1. What whole-number distance in Å separates the alpha-carbon centres of region 12-34 and region 183-234?
2. I'd like the distance separating the alpha-carbon centroids of region 236-276 and region 44-72, in whole Å.
3. Kindly provide the helix-only [θ] at 222 nm of the chain, computed as the sum of -39,500 (n - 2.57) over DSSP H runs of four or more divided by all residues, to the nearest 500 deg cm²/dmol?
4. Test of understanding: express the Cα radius of gyration of the chain as a ratio to 2.2 N^0.38 Å, with N the residue count.
5. Using a 1.4 Å probe over the heavy atoms of the protein chains, calculate the carbon and sulfur portion of the accessible area of the chain as a whole percent.
6. Given the whole protein assembly as supplied and a 1.4 Å probe, what does the accessible area of residue 130 come to in Å², nearest 10?
7. If you build the Cα gyration tensor of region 128-180 and take the root of 5 times each eigenvalue, what three semi-axes come out, in whole angstrom, biggest first?
8. What does the extension gain come out to for residue 239 and residue 217, with contour length at 0.36 nm per residue minus their alpha carbon separation?
Amino acid sequence: MNTPVSFEFFPPRDETARARLVSNVASRLGSLKPEYFSVTYGAGGSTRDGTRQTVCDLLAAGYPAAPHLSMGSDDAADILSQLHDYANQGVRRIVALRGDQPSGYGASRFERNAENLVTLIRQHTEQQFHLVVAAYPETHPDAPGAAADLEFFKRKVDAGADSAITQYFYNADAYEDFLERSARAGISIPIVPGVMPITNLENLVRFSERCGADIPRWLRYVLTDLQDDEAALVDFGVEFVSKLCERLITLGAPALHFYTMNRWGATTRICQNLAA
Ligand code: FAD
């Protein structure tokens, strides 16, 4: 496969899972030669140590790693100290986000957005990091509308973002339309589609409701019919997402970013299908 790939992890919850992530999951996915692994960050600093530890584990194992960092409720001094530490560890790419509200926090915790984080990082570290931001072909659920969301995306780009990764989606037309609207708005950075393999309907529905990703009605019905047969659901999901990726590549996707959920099986099969 000529299209570059990257793989996203979340910080493992305990030492056993931590050891397994690098020795088992990253080593298998590493054989697909990803550009980098990224590691999510719990807004409010809830996974700060876990994110840093996972990034360090990946770097120590010889993989390029990119931490996610969120502005949500961390103060600027705290963020700058994390950046300084990451630069010393050899990190060159940061995924810069507003972050999602941890449960139990009041709405007032999010007075800042990702644009503020991009501005802060550029002001203090100039071009030291490649900055990746999030983009939403199906529109972010908090946005007042599609046009406003695109305008806020453009502001992140104008503040200094180098590339973007999208929220996942299962309708390639949404990506095509988003690329066209972005180009018309004068946005020229690479917009990499985020890809969520389908392995469990219940989890997928829960995530999708939270992040505003649409599961097309026909797809939900097919998955519902398969949900009691895990192997059949995964097989269907692999074939469906492989075809989606093929279409995204045809539409000009510069790379593919997989939300792996710390698992290697479905992502590996999809990448192998794309390489065949
Ligand atoms: P923003 O770009 O700040 O946008 C958030 C909302 O505010 C949007 O509705 C936007 O339209 C609106 N907005 C933006 N600027 C303004 C403005 N100036 N005035 C008014 N409204 C504005 N979440 C985590 O907690 N941890 C992670 O590690 C993580 N990784 C992610 C990785 C990717 C690739 C993606 C796509 C999402 C990730 N998320 C993560 C989820 C993300 O944090 C949420 O979607 C969050 O709600 C928005 O983050 P953002 O960076 O897109 O925010």
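The values are calculated or read from the model by the stated rules, or taken from the named source; none is laboratory data. Just so it is clear, the structure is predicted and the values come from calculations on it, not from any experiment. SASA here: full protein model, heavy atoms, side chains in, ligands and nucleic acids out. Shrake-Rupley method; radii C 1.70, N 1.55, O 1.52, S 1.80 Å.
1. Using only Cα atoms to place each centre, the spacing works out to 23 Å.
2. Going from one Cα centre to the other spans 24 Å.
3. Values: 11 runs with 129 residues, N = 276.
The helix-only estimate for the chain comes to -14500 deg cm²/dmol at 222 nm.
4. Numbers: Rg = 18.1 Å, N = 276, 2.2 N^0.38 = 18.6 Å.
Relative to the 2.2 N^0.38 Å estimate, the chain comes out at 0.97.
5. Values: 6160 of 12990 Å².
Accessible surface attributable to carbon and sulfur in the chain totals 47 percent.
6. About 60 Å², rounded to the nearest 10.
7. On the way: eigenvalues 75, 36, 17 Å².
After scaling each eigenvalue by five and taking roots: 19, 13, 9 Å.
8. Values: separation 22, 0.36 × 22 = 7.92 nm, distance 1.79 nm.
Length gained, residue 239 through residue 217: 6.1 nm.
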